[in-house]
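Chemist: Pasting in a structure now, in C-alpha cells, and then I'll have a few things to ask.
Derivation of every value follows stated rules applied to the coordinates shown; laboratory data play no part. Values in this document were obtained by computation on a predicted structure and should not be read as measured data. All Cβ positions, glycine included, derive from the backbone under ideal geometry; neighbour counts span all protein chains shown.
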Amino acid sequence: MLLRRISPLLGGMQILNSPRACVAWPSSCLYSKDTRSSRGGANSSSSRQRWAFTTTGALLGLGSILLYRSHERKLAQDNQESGSGSHMVLSSSSDPKASISRSYPVYTLKEVQRHRTLADGIWVTLGKEVFNITEFVDMHPGGNRILLAAGGSLEPFWAMYGIHNQKHVLEILSAYKIGELSPEEQASGPADLSDPYAQDPPRHPALKVNSMKPFNAEPPAEVLTDAYITPNAFFFKRNHLPVPRLDPASYRLEVVGRMGNASLFLSLEELKTRFPRHEVTVTLQCAGNRRSEMNAVKPVKGLDWGIAAIGNAKWAGARLRDVLVAAGFSEGEIGALHVQFEGLDRDLAGTGYGASIPYHEAMSSSHDVLLAYEMNGEELPLDHGFPLRVIVPGVVGARNVKWLSRILVSIEESQSHWQQNDYKGFSPSVDWDTVDFSASPAIQELPVQSAITDPQPGTLVAEEDDKITVKGYAWSGGGREVVRVDVSLDGGSTWHVAKLTGEKQAPGQAWAWKLWTLTVPLPAGRTELEILCKAVDSSYNVQPDTVAPIWNLRGVLSNAWHRVHVSVTRN
Ligand SMILES: Nc1nc2c(c(=O)[nH]1)N[C@H]1C(S)=C(S)[C@@H](COP(=O)(O)O)O[C@H]1N2
Ligand SMILES: [Mo]
C-alpha cells in the first residue's frame, strides 16, 4: 500500500513520464504498511521486481485499484475509531516515528534544503509542515521525478497535477511528518545590510541555478512538458539585480501624463478596480534561452541557459492601453513613439532596470499588453515582479519589466543598458572588438523556437512494443501560432509530425506555446538515435538547422533545430 501511495503525492508524475513505471507501479500495492519496517529485508525488493517485470500492467493495475480501495476503507475505519484529523493517522501508524508527541521540532528552510539525497534523507514541505519521505522514495519503483521535490515544497507539484487537498494524500503524508518550518522563515529573514541580496525570496531547490546573486535559474527541462501551465515555483527566474521588497499598501505606479495631463499615481487597489481585469496565457522566453548550445560552438558572454529559460503562465492585470488612455493618450499620437518602463530593482549606483516597446504595440487592442498583478491565479511572486510587472505577449522576456515603477511615453527608446547595449543580434563574424551596438535594433518579437524535453541526452528506454515517446515545447513570437512540429529520429533523414496540444488563441494572438508529443516504433536495428525537432509557425517561418550560422557574441536568439543524442535500451 505504501508504495501505491507515493504517486498521489506528486500526482502520478512517473506514470505520465515513464511507461515502464506503469508496469512497475501497481506492484507496489502488494506491500502493506508493515513492509516498511522490514524494508531492506531479503524479500522486499526481489519480489517487487518479480511482480514488476513478470506480470502485465493491466492485471496489476486492476489489482492495485482493488487493494487501494481497501486501503481507503481502512483509513476511514481508523478515522472513525479515533475521532478525526490527521494526527489519528499518526497514532495508528506502525511507524515508530508516529508515536512522537504532537509538538514537533522546528526546522529552517535551510535545514530542509540540506535533505535532498537518500543518504541525507529526502525532506519536503507542505505549508508549514516538514516531512521525511525517504522511505517512500527508497522503495518507489518509478524513480526520479519525486526527487525533484527533495529539500523543497510539494505545492508546485500539486498545482501542476491539480491534486491539492486530496484528503487521502494528506493523510498519507501526515504519517511522515517530522517537524514544522520555523515561523521566521515564512516571513522575510533578518536583514544582512552588507548583502544587497539578503532580502531575496526563498526558491524551490529543484531549480537549476545559473547564478545565485543575482538569482537566475531554470527548471529541469522535463518539468516544462509535465503541464501546459508552468507552476510559478518552476517558472524560470531571470534577475539582473536584487529583488526589491515593496510594500503593496504604499506602492504607486507613476504614469507620466500626456502633455497637458497630470501624471497618474496609481495604487495597486486602483489598478485592480479602476481598470477591467484582463487575463491572457502568455509564454515568456529569455533571449538567452538555449545559449549553452551557442556557447558550445564558440564561447559567448552570458548566463549558460539550457532549454528551460521559457515558461507558460496565465497572467492577469490591467491592460496597458486602458492605463495610457487614462493618462490622456490616444491611438493617433504622431511620431515614432515608444513606451518606456522602469523597474524598482536598482544597482548600488541607483540605476534601475529598464526597457521599452513600440507605442503602437502598447496601444493596440490586439496586442494584449498587460500590467500584470497575478500569475497563474496567484498574486505575482516576488521573483516575478511583485506587485506589478509588464507582460508583452510575443516579445522577448527582457521587455517584460518587473517591479514596475514608472511608465513614460517618449520619442526615444529606453536609454537603459539593456535596451541599448544588450539584447541585440549580430552577424557571427562580429566580435567584442568590432561590435557597434547602435547598428542593430533591440530584440522585440522572437523567432520560432522548439526543443525536446524528453528524452534528455543520454539513454532512452523503449516502451512496450518497442515504442518510444518524444516530448517538447514549441512557440513563436509576435502572436504567430506554431502550426507544425517535425521530429526526426535519424538525424534528419526522415521526419514525423508530432501531435500538438495547447490553448486555442485568436489568429495573430497565439501568445502561448504548444506542447507536443510523438509516439512511434523504435527504428529497427538502431541502438543510437539522434532525435531532432523543428517547428513551423503560421508565417511558415522555420528554425535554422545548425547553430554556427546564427552564432552571435551575446548568445541570444539561439533557435536552431534541437538535437538530442540517446542510446536505446530495449525492454
Ligand atoms: N525590473 C526587471 N525586469 C526584468 C528583468 C530584471 O532583471 N529586472 N529581467 C528581464 C529579463 S532579461 C527576462 S528574461 C524576464 C524574466 O522574467 P521572469 O524572471 O519572470 O521569468 O524579466 C525581464 N524583466
Ligand atoms: Mo532575459
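Chemist: Give me the dipole magnitude in Debye, nearest 20, for the stretch 490-530 about the Cα centre, with unit charges on the beta carbon: positive for Lys and Arg, negative for Asp and Glu.
Modeler: Charge dipole of the stretch 490-530: 220 debye, to the nearest 20.
Chemist: What are the ³J(HN,Hα) couplings of the stretch 498-509, residue after residue, when phi is run through the Karplus curve with 6.51, -1.76, 1.60 and θ = phi - 60°? Round to Hz, x for glycine and proline.
Modeler: Listing the rounded values in order: 7, 8, 9, 10, x, 6, 7, 10, 4, x, x, 10 Hz.
Chemist: While we're here: So what J values fall out for the stretch 322-327 if you push phi through Karplus, 6.51 cos²θ - 1.76 cosθ + 1.60 with θ = phi - 60°, rounded to Hz, Gly and Pro as x?
Modeler: 4, 6, 5, 4, 5, 8
Chemist: How many angstrom lie between the Cα centre of the stretch 112-127 and the Cα centre of the stretch 208-256?
Modeler: Cα centroid to Cα centroid, the span is 23 Å.
Chemist: Hey, what's the Cα Rg ratio for the stretch 277-383 versus the globular rule of thumb, 2.2 N^0.38 Å?
Modeler: 1.31
Chemist: Oh, and also: For the stretch 471-562, just the Cα atoms, rotate onto the principal axes and tell me the three extents in Å, largest first.
Modeler: Largest first, the stretch 471-562 extends 44, 36, 17 Å along its Cα principal axes.
Chemist: Would you mind calculating the relative contact order of the stretch 318-440 from Cα pairs under 8 angstrom and at least 6 residues apart, reporting the percent as a whole number?
Modeler: Reported as a whole number, the value is 29 percent.
Chemist: Right, next: Amide H neighbours of Gly555 under 5 Å, counting only residues 5+ apart in sequence or on other chains, H built in-plane at 1.01 Å?
Modeler: Lys301
Chemist: Among Val542, Thr501, Leu532, pick out the residue whose Cα is farthest towards the positive end of the charge dipole of the stretch 449-569, where Lys and Arg carry +1 and Asp and Glu carry -1 on C-beta, about the Cα centre.
Modeler: Val542
Chemist: Something else now. Taking the Cα centre of the stretch 449-569 as origin, work out the dipole magnitude from +1 charges on Lys and Arg Cβ and -1 charges on Asp and Glu Cβ, in debye rounded to 20.
Modeler: Charge dipole, the stretch 449-569, about its Cα centre: 460 debye, nearest 20.
Chemist: Which entries in the list Lys467/Lys534; Lys237/Lys504; Lys314/Lys504; Lys301/Lys471; Lys314/Lys514; Lys471/Lys514 go over 18 Å, if you measure between the two C-alpha atoms of each?
Modeler: Lys467/Lys534; Lys237/Lys504; Lys301/Lys471
Chemist: Quick check on packing: order 425-438, 336-349, 247-260 by the mean number of other C-beta atoms within 10 Å, highest mean leading.
Modeler: With the highest mean Cβ count within 10 Å placed first, the list reads 336-349, 247-260, 425-438.
Chemist: Compute the signed sum of charges (Lys and Arg +1, Asp and Glu -1) over the other residues within less than 14 Å, Cβ to Cβ, of Ala336.
Modeler: -4
Chemist: When the Cα centres of the stretch 395-433 and the stretch 441-497 are compared, how far apart do they sit, in Å?
Modeler: About 29 Å separates the Cα centre of the stretch 395-433 from the one of the stretch 441-497.
Chemist: A follow-up question, please. I'd like to compare 393-405, 267-279, 232-244: which one has the highest average count of other Cβ atoms within 10 Å, and what's the full order after that?
Modeler: Descending mean neighbour count gives 393-405, 232-244, 267-279.
Chemist: Measuring from label point to label point, each 7 Å out along Cα→Cβ, what is the Arg114 to Ser364 span in nm?
Modeler: According to this spin-label approximation, the distance is 5.4 nm.
Chemist: Given a cut-off of under 8 Å on Cα pairs at least six residues apart, what relative contact order in percent is computed for the stretch 449-569?
Modeler: Answer for the stretch 449-569 is 34 percent.
Chemist: What Kirkwood Rh does the stretch 285-330 have if only Cα atoms enter the pairwise 1/r average? Answer in Å.
Modeler: 13.5 Å
Chemist: Work out the FRET efficiency for Ser330 and Asp436 from their Cβ-Cβ distance, taking R0 = 45 Å, and round it to the nearest 0.05.
Modeler: 0.80
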